[in-house]
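Engineer: Dropping the structure in here first, questions after.
The values are calculated or read from the model by the stated rules, or taken from the named source; none is laboratory data. On a predicted model such as this, the values are computed, not experimentally measured, just so you know. Cβ sites come from the backbone with ideal geometry, for glycine too, and all protein chains shown count toward neighbours.
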Amino acid sequence: MKNTSWIRKNWLLTAGVSFIGVHLGTYLIQRAAKQSVKSQSGGNQRSVNNEVK
């Protein structure tokens, strides 16, 4: 009889961890992108306000 691999025995755990990992990675990338946009637009807003005064 052939030994089954760990992944075949625990396929549900493997799928669940992969699912969570992908979504956590996507969340972190989106958060970093939003932070980058905020910092860039905040700098532009300050320079516009200084020119108006």
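Engineer: Quick one: in the stretch 3-33, which of the residues that are surrounded by 10 or more Cβ atoms within 10 Å (Cβ to Cβ) and of a type in the set (D, E, K, R) is modelled with the lowest pLDDT?
Structural biologist: By that ranking, first place goes to K9.
Engineer: Can you list residue pairs whose Cβ atoms sit under 8 Å apart, with the first residue in the stretch 1-14 being among the aliphatic types (A, V, I, L, M) and the second being surrounded by 10 or more Cβ atoms within 10 Å (Cβ to Cβ) and assigned to a helix (DSSP H, G or I)? Count only pairs 6 or more apart in sequence or on different chains.
Structural biologist: Within 8 Å, the pairs are I7/T14.
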